[in-house]
Amino acid sequence: MESSAPGKVILCGEHSVVYGYPAMAAPVMGVRCRAWVEAAASGSGLSLVAVDLGERLALRAAPPDQPLAALARLVLAHLGCEEPDAVLTVHSDLPIAGGLGSGAAVSVAAARALAGFLGVTLSPAALSALAYEVEKLHHGTPSGIDNTVIAWERPVYFVKGQPPEVLAIPAPLRLLIADSGIGAVTREAVAAVRQRREAHPAYYEARFAQIGALVSAARAAWEQQDLPTLGQLLDANQALLAEIGVSTPRLEALITAARQAGALGAKLTGSGMGGNIIALVTAEGMPAVADALRAAGAVHVWQTITE
Ligand code: PMV
């Protein structure tokens with residue numbers, strides 16, 4: 001039984017989404033995590049193999065906070081099934097700690113594969129809810145946007161605690177995703193913003209509210225295919241992310257290189273403090289911006305279109 005799940009980019013609204021403001025995200029269909037389940041000898045129980053981490057462990061012996069084991073236990077409890085004699089293997093093309101949703105993609109792909117092996121097709125809502133429980137282990141206080149966009153595999157307008165709005169977009173966006181090569185630990189970035197917000201509530205609330213308003217405008221621009229306006233809104237979001245302290249000189253260098261090479265807009269994506277940036281480009285502009293990002297030191301550049 002084989003399954004997969006895409007990566008994701010947050011187009012706008014990261015961090016403020018944790019405090020109830022809207023955000024938009026889109027799946028990155030070409031960069032995926034794969035999971036498969038094979039039957040094993042009777043009595044062997046469920047083994048978990050994370051190829052990229054070089055890890056193999058028995059579900060029975062796994063600690064409660066091991067993410068893949070936690071996911072497998074949640075799926076079995078959700079389905080009311082006994083532990084099967086099988087091997088669940090995951091392998092991801094997504095960078096770990098890169099802001100592209102690798103944790104949620106592993107959870108969704110693994111949940112789909114394990115449920116499929118047990119004869120059940122899980123709905124996007126069920127997959128999202130299961131992956132959200134594991135996101136809490138990774139991130140502490142996740143908004144839920146990663147598991148939502150990855151389980152639905154559609155662009156979403158997301159407000160924490162509300163059912164996601166799947167966006168009907170007339171045409172996909174062309175994005176470049178450039179990896180700064182610096183790992184980004186979402187839990188730490190979110191905790192640092194929370195601490196600073198507690199110390200300076202008015203400053204942070206004002207910026208979160210500006211980001212929230214900008215996300216609504218970006219939705220309208222995207223739906224109307226007004227890409228120059230969407231690009232400007234991404235730039236404005238980046239300025240506010242810098243003001244809340246989650247950008248870095250390395251991310252700024254990549255963003256500047258993309259803009260100077262003709263990107264319509266560019267910003268960090270995900271938690272910041274490292275990880276990836278996105279650049280909105282036209283079909284004609286894509287090669288020059290990709291070259292500029294590589295020249296500015298990006299360790300990997302993905303050319304993608306959102307679905
Ligand atoms: O770093 P990522 O891709 O997991 O994104 C985190 C997004 C935040 O808004 C910073 C946190 C969250 O839970 O939404």
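The values are calculated or read from the model by the stated rules, or taken from the named source; none is laboratory data. Because the structure is predicted, anything quoted here is derived from the model rather than measured. Here the Cβ is made from the backbone with ideal geometry for all residues, glycine too, and neighbour counts use every protein chain on show. Side chains included, ligands, DNA and RNA excluded: accessible areas come from the protein's heavy atoms. Shrake-Rupley method; radii C 1.70, N 1.55, O 1.52, S 1.80 Å.
Taking every DSSP beta bridge that has both residues in the range 39-157, what percent is antiparallel when rounded to the nearest 5? Before the final figure, lay out the partial values.
Details: 5 of 10 bridges.
Of all bridge pairs located within the range 39-157, approximately 50 percent are antiparallel.
For the chain, list the DSSP H helices whose alpha carbon atoms reach 15 Å or more along the long axis and whose average Kyte-Doolittle value is 0.5 or above? Kindly include the intermediate steps, with their values, before the conclusion.
Numbers: long enough: 67-79 (18 Å, 1.62); 102-117 (22 Å, 1.29); 124-139 (21 Å, 0.11); 186-199 (20 Å, -0.97); 201-223 (33 Å, 0.17); 227-243 (24 Å, 0.47); 249-260 (16 Å, -0.07).
For the chain, where a helix must reach 15 Å along its axis and average at least 0.5, the hits are 67-79, 102-117.
Can you give the accessible area per residue of the chain, in Å², using a 1.4 Å probe? Spell out each step's value before the answer.
Numbers: 11890 Å² over 307 residues.
With all protein chains present, the chain gives 39 Å² per residue.
Which net charge results when you count Lys and Arg as +1 and Asp and Glu as -1 among the other residues whose beta-carbon is under 13 Å from that of residue 205? Before the final figure, lay out the partial values.
Values: positive: 194, 196, 197, 207; negative: 198, 243.
Net charge in that neighbourhood comes out at +2.
Under a point spin-label approximation (7 Å from Cα along Cα-to-Cβ), what is the residue 295-residue 123 distance to one decimal in nm?
Here the modelled spin labels are 5.2 nm apart.
Alpha carbons only, please: Rg and Dmax for the range 163-306, in angstrom.
In order Rg, Dmax, the Cα atoms of the range 163-306 give 15.3, 46 Å.
For the charge dipole of the chain, defined by +1 on Lys and Arg C-beta atoms and -1 on Asp and Glu C-beta atoms about the Cα centroid, which residue among 231, 195, 70 has the Cα displaced farthest towards the positive pole?
195
So how strong a dipole does the range 174-305 carry about its Cα centre when Lys and Arg Cβ are +1 and Asp and Glu Cβ are -1, to the nearest 20 debye? Can you show the working numbers first?
Values: 11 positive and 11 negative charges, 52 e Å.
With only Lys, Arg, Asp and Glu charged at Cβ, the dipole is about 240 debye.
Quick one: which residues, 5+ away or cross-chain, put their amide H under 5 Å from the amide H of residue 9? H built at 1.01 Å from N.
26, 28
Relative to the present Cα-Cα distance, how much length would full extension add between residue 78 and residue 55 at 0.36 nm per residue of separation?
Numbers: separation 23, 0.36 × 23 = 8.28 nm, distance 2.51 nm.
Here the segment from residue 78 to residue 55 would lengthen by 5.8 nm.
If one computes P(r) from the Cα atoms of the chain, what percent of pairs lie at distances over 38 Å?
Working: 6350 of 46971 pairs.
Cα-Cα pairs of the chain separated by over 38 Å account for 14 percent.
Computed over the Cα atoms of the range 2-166, what is the ratio Rg over Rh, Rh following Kirkwood?
Numbers: Rg = 15.2 Å, Rh = 15.7 Å.
My calculation puts Rg/Rh at 0.97.
Using a Gaussian network for the chain with springs between C-alpha atoms less than 10 Å apart, which of these wobbles most: 44, 216, 128?
Evaluated over the chain, the most mobile residue of the options is 44.
Carbon-plus-sulfur fraction of the accessible area of the range 111-218, 1.4 Å probe, in percent?
Numbers: 2550 of 4610 Å².
Roughly 55 percent, rounded to a whole number.
Please compute the length gained on full extension between residue 39 and residue 243, using 0.36 nm multiplied by the number of residues separating them and subtracting their Cα-Cα distance.
Numbers: separation 204, 0.36 × 204 = 73.44 nm, distance 5.18 nm.
Value of the extension gain: 68.3 nm.
In the chain, what percentage of the DSSP-assigned beta bridges are antiparallel, given to the nearest 5?
Details: 42 of 47 bridges.
Here the antiparallel bridges make up roughly 90 percent for the chain.
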